[in-house]
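Right, one structure below, let's go through it.
None of the figures in this text is laboratory data; all of them are computed from the coordinates on show. Everything numeric here is computed off the predicted structure, so don't read it as measured data. Reconstructed Cβ throughout: ideal geometry from the backbone, glycine too, with neighbour counts over all protein chains shown.
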Amino acid sequence: MDWNEVLREIAVIQSAEGEVPVRGVQYDSRRVVSGDLFVAMRGGSADGNQFIDKAISQGAVTVVTDSPEAYEKLRQKHAGTGAALVEYGRRALAEASAAIFGHPQRHLALSAVTGTNGKTTTAFLLEAMLKSVGRSCVLIGTIETHIAGEVRESPHTTPESRDVLELFSEGAKAGATEAVMEMSSHALEQERVWGLPVDVAIFTNLTQDHLDFHGTMERYFAAKTRLFEGVGAPPPRVAVVNVDDPYGQRIAERIERSQLVRYGLDVAADFFAEEIRMRAGETRLRMRTPHGAVEVRSPLTGRVNIYNLLAASAAAWARGLTLDQIAQAAETGAQVPGRFEVVPTDTGVTVVVDYAHTDDALRNLIVLARELVKEHSGRVITLFGCGGDRDRTKRPRMGRAAGEGSDLVVLTSDNPRSEEPGAIVAEALVGLRETGTESIVEEDRAAAIEIAIRSADKGDIVLIAGKGHEKMQILRSGAVPFDDSAVAARVLRGER
Ligand SMILES: CC(=O)N[C@H]1[C@@H](OP(=O)(O)OP(=O)(O)OC[C@H]2O[C@@H](n3ccc(=O)[nH]c3=O)[C@H](O)[C@@H]2O)O[C@H](CO)[C@@H](O)[C@@H]1O[C@H](C)C(=O)N[C@@H](C)C(=O)N[C@H](CCC(=O)O)C(=O)O
Ligand SMILES: Nc1ncnc2c1ncn2[C@@H]1O[C@H](COP(=O)(O)OP(=O)(O)OP(=O)(O)O)[C@@H](O)[C@H]1O
Ligand SMILES: N[C@H](CCC[C@H](N)C(=O)O)C(=O)O
């Protein structure tokens, strides 16, 4: 593509034209190759403008910058290089990427899921429903990325626009007509999703998390609401909103009734569940909707998954599936790795790996576990830790949530990152101690898993919370392989 053509698609303050052929686009100097356009952006921990020389030395042929100083320097030092000065680096990145990848977003009907918890599960369920009627999909989210059937690793819950558009382009070429994406609050705030036209937007819930980044719950909420306003694109055609959540109510109030599908566990919602019958590994319910009612049987367990099922069903309906098709797909639907994943054993102890990493998710998980052991008066043993370099204020809250419903808590490490594990544990202990529940502290996660499982008797349930599908433990010294379910399986086999 010619640089002059790219320039026509981005909002520039100043630019230097030139007949420079542009082959690709990059926002990270470390990934620049010959023929690329490099978008230099000021970030929270680095300034991409510091890397312009490096990008050019690696072959960047044009540079878009959000810094007037960098633009001036570029004009003087690299006069032959195409250049543009913009106000918003990420918007320019999205606009240039859309042009360079040939506007693949126009060929995919996009469903986007936001909320503190449930995004991954809802996205997997929706993808399974769309696939069940023969539609080919792109899925982008926390655990994996799917490109029309091919599974890849995910670098982020919501990658930068350039990467999303590249994935969309590959998906569209492979025949995909639908895309399902998780949109994190970070991505909405940073406009990583600028210009993506969302057809169906889903709001799952909002509870405390990520206040290190957003500062307050209101600002966190404001980031989530951007999905429903449209980020550099028109508002979604349909909004699917959990109206049992107070923040969901607030979103619903702002949306035209004709564009809104409300879901919840109450008759006041459009899509709601009744006659719920739950046991481990199976949930049955009757889903009532304005378009009729249908019996649904799902292998997913727990109240939170009823919400996820309702969300995915309402979205699938908005994408044109019938209620019967939805119910049929739900029956096999999407076991998500690391979400209420039961580690196989014949010891009589139930061991569950789950991604609960907020106080709300922990509380829900423990309530479900209590339900499951109630019949035999089993105990609930909860293992958890809190992430380093993340919202510190959630630590005592997680401690309180773990202590409140459990019989024994094992407090350990969960990706301490650059922080001292002992200091993180101390902050979680503040809340945990208030509950008076028996607790054991063991910073080494493998040893902690062993303690938790060895403390359990037949009929007890052990919850290993926080890391779910993750395959690494991130320590100050670097990331080391770590897999909760593999460690638990080893302990259950009697190995160390
Ligand atoms: C807080 C946050 O979201 N930060 C992300 C953001 O950083 P930033 O804008 O501050 O950028 P920066 O790292 O300061 O760098 C500025 C620019 O310099 C560039 N650079 C940097 C170094 C270099 O050598 N060369 C270079 O060109 C960078 O690519 C970037 O364009 O953009 C970077 C580039 O894409 C991301 O790597 C980075 O993710 C960090 C590592 C991260 O941990 N993000 C997490 C919190 C996150 O985004 N999580 C959400 C999910 C949360 C959830 O729901 O649980 C997600 O969507 O994944
Ligand atoms: N609808 C829901 N409401 C509340 N909690 C939920 C819901 N669905 C799942 N959870 C809990 O939250 C955890 C994370 O679920 P999931 O991965 O689906 O959420 P997520 O929004 O994708 O999270 P993240 O973006 O942090 O990866 C689950 O392991 C479960 O404990
Ligand atoms: N994707 C989220 C969840 C991480 C969960 C937990 N394992 C942690 O490290 O805190 C984050 O990066 O904040």
* Structure fact -> Listing Glu5, Glu153 by rising number of other beta-carbon atoms within 10 angstrom, fewest first, gives Glu153, Glu5
* Formal net charge of residues neighbouring Gly215 (Cβ-Cβ distance under 12 Å; K, R +1; D, E -1) -> -3
* To do: Please report, in whole Å, how far the alpha carbons of segment 86-145 spread along each principal axis, starting with the longest.
  => 42, 29, 16
* For each of Met183, Met217, count neighbouring Cβ atoms within 10 Å of the residue's Cβ, then give the residues from fewest to most. => Met217, Met183
* Asked: Using the scaling law 2.2 N^0.38 Å as the reference, what is the normalised Cα Rg of segment 104-332?
  -> 0.94
* Once you have the Cα-Cα distance between Val441 and Gln249, take 0.36 nm times their residue separation minus that, and quote the gain in nm to one decimal. => 65.2 nm
* Asked: Which order results if Tyr263, Tyr307 are arranged by neighbouring Cβ count within 10 Å, fewest first?
  -> Tyr307, Tyr263
* Name the residues of segment 35-52 whose amide N is less than 20 Å from a point 7 angstrom out from the Cα of Lys77 along the C-beta direction? -> 35-43, 46-52
* So what's the net charge close to Val22: Lys and Arg +1, Asp and Glu -1, counting the other residues with Cβ under 9 Å from its Cβ? -> -2
* Structure fact -> Note to self: C-alpha centroids of segment 280-352 and segment 417-496 sit apart, in Å, by 28 Å
* Quick one: check the C-alpha center-to-center distance for segment 251-276 versus segment 173-222, whole angstrom. => 20 Å
* For the chain: span of alpha carbons on each principal axis (Å, largest first) -> 76, 55, 38
* To do: List the residues whose amide H sits under 5 Å from the amide H of Met472, counting only those 5 or more places along or on another chain, with H placed 1.01 Å from N in the peptide plane.
  => Phe482
* To do: Could you pull out every one of the aspartates and glutamates with an alpha carbon less than 14 Å from that of Lys374, ignoring same-chain neighbours closer than 8 positions?
  => Asp407, Asp460
* To do: Kindly give the semi-axes, whole Å and largest first, of the ellipsoid equivalent to segment 165-281, taking each as the square root of 5 times a Cα gyration tensor eigenvalue.
  => 25, 20, 16
* Distance from a point 7 Å along Cα→Cβ of Ser45 to each backbone N in segment 140-156: keep the residues under 15 Å and list them by number. => 156
* Asked: So what is the relative contact order for the chain, in percent, with contacts set as C-alpha pairs under 8 Å and at least six apart?
  -> 10 percent
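Expected output is a single nm value to one decimal: the length gained when fully extending between Ser34 and Val267, i.e. 0.36 nm times separation in residues minus the C-alpha distance. What is it?
On the way: separation 233, 0.36 × 233 = 83.88 nm, distance 5.88 nm.
Result: 78.0 nm gained on full extension.
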* To do: Round to the nearest 0.05 the FRET efficiency obtained for Arg219 and Arg152 when R0 = 41 Å and r is the Cβ-Cβ distance.
  => 0.80
* **Listed residues Phe271, Val193, Ala423: farthest to the positive end of the dipole of the chain (Cβ charges)** => Phe271
* Asked: For Leu196, which sequence-distant residues (separation of 5 or more, or a different chain) have an amide H within less than 5 Å of its own amide H, given hydrogens modelled in the peptide plane?
  -> none
* Asked: With charges set only on the Cβ (+1 for Lys and Arg, -1 for Asp and Glu), what does the dipole of segment 341-492 come to about its Cα centre, in debye to the nearest 20?
  -> 180 debye
* Over segment 3-100, calculate the relative contact order: mean separation of alpha carbon pairs under 8 Å at least 6 apart, over the residue count, as a percent. => 33 percent
* Separation in nanometres of the label points that stand 7 Å from Cα toward Cβ, at Arg433 and Tyr88 -> 4.7 nm
* Apply 1/(1 + (r/R0)^6) to the Cβ-Cβ distance of Asp457 and Arg279, taking R0 = 30 Å, and write down the FRET efficiency to the nearest 0.05. => 0.90
* Asked: Please state the Cα pair-distance histogram of segment 341-492 with 5 angstrom bins from zero: what percent is in each bin?
  -> 2, 11, 22, 25, 21, 12, 5, 1, 0, 0
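Can you tell me the length gained on complete extension of the stretch Gln259 to Asp346, counting 0.36 nm per residue apart and subtracting the Cα distance?
So the extension gain works out to 26.3 nm.
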* Within straight-line cross-link reach of Lys73, lysines at Cα separation under 21 Å, skipping those fewer than 8 residues along the same chain -> Lys54
* Net charge of neighbours whose Cβ lies under 15 Å from the Cβ of Leu323, counting Lys and Arg as +1 and Asp and Glu as -1 -> -1
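Return the calculated 222 nm mean residue ellipticity for the chain, to the nearest 500 deg cm²/dmol, obtained by summing -39500 (n - 2.57) across DSSP H runs with n ≥ 4 and dividing by the residue count.
Using -39500 (n - 2.57) per qualifying helix, the result is -11000 deg cm²/dmol.
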